[in-house]
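The values are calculated or read from the model by the stated rules, or taken from the named source; none is laboratory data. As the structure is a computational prediction, the values presented were derived from the model and not from experiment. Note that we place each Cβ from the backbone using ideal geometry, even for glycine, and neighbour counts take in every protein chain shown.
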Amino acid sequence: MLLTRKQVSDYEIKYSIGGFLSGLTFGILSFSIDPSWSLGAQFIIPFVLIGISAGAISSNSSSLPAYYSFITPALLPLMFVLDELDIEMATVFLIIHFVFMVLVVKRFNHSLVSGLRLGFKNADLVTDLKASNNEQAFLISQNEMHQKTLESMAHYDVLTGLPNRALFADRFHQAVSHSKRTKTQLAVCFLDLDNFKPVNDNYGQS
């Protein structure tokens, strides 16, 4: 069952809202960083958030709004906290990471969407090809039926279904040729039906 554009848009909005709430939940962790912690301890949460933002590409690359809704509330609070802690290099690195993730997810999204569109086009082509093959098969079948009908009408009597004069003549010539090649005798039996002409005259031409 194919979804309409409106249904897809509604699902994307709901997905983006869920991504925003999830990203905000992770982003709030940034405010738990304590300046009294050692530098190594202070970078645990940033490393976790950076890893999550990178890993989210695989699950959100099909929808750019959903990814932006997740990564923005996840990383912006961290930028603010790092700036307040005067860790300028980390803040610059985080900004570069944010821009890089945006560019990467755009590339992934473009490749994914292009692949899906190509897949749908191929599916349509396969469907059209199957329909064309079925139509051709039907026409061939009809043609074979007509051919058999014409052959039957040419060699068999319509009323009785028995071989007619044309088929008899063909088979007789074959039998004569076979008799000459094999030097064997050939016999012809002639049967006559009394009063069959009126039947043929009345029903044979219908």
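Structural remarks
- No other residue among I17, I45 is β-branched (V, I, T), in a helix (DSSP H, G or I) and over 38 Å from the mean Cα position of the chain (by Cα) apart from I45.
- Condition check for G27: within 45 Å of the chain's Cα centre (by Cα) and not in a loop (DSSP other than H, G, I, E, B): yes
- Inter-residue pairs, beta-carbon under 9 Å, first farther than 17 Å from P77 by Cβ and in contact (Cβ under 8 Å) with a residue 24 or more places away in the chain and in segment 88-106, second in a helix (DSSP H, G or I) and among the aromatic types (F, W, Y), 6+ apart: V102/Y67; V102/Y68; V105/Y67; V105/Y68
- Of all residues assigned to segment 5-17, none qualifies as being surrounded by 16 or more Cβ atoms within 10 Å (Cβ to Cβ) and over 24 Å from R107 (Cα atoms).
- Among the residues making up segment 46-69, those that are touching a Ser or Thr at 6+ places or on another chain (Cβ under 6 Å) and either surrounded by 18 or more Cβ atoms within 10 Å (Cβ to Cβ) or of a type in the set (S, T, Y) (or both) are A66, S69.
- Here S111, S61, S53 are screened, and the one residue that is of a type outside the set (D, E), at pLDDT 85 or above and touching a helix residue (DSSP H, G or I) at 6+ places or on another chain (Cβ under 6 Å) is S53.
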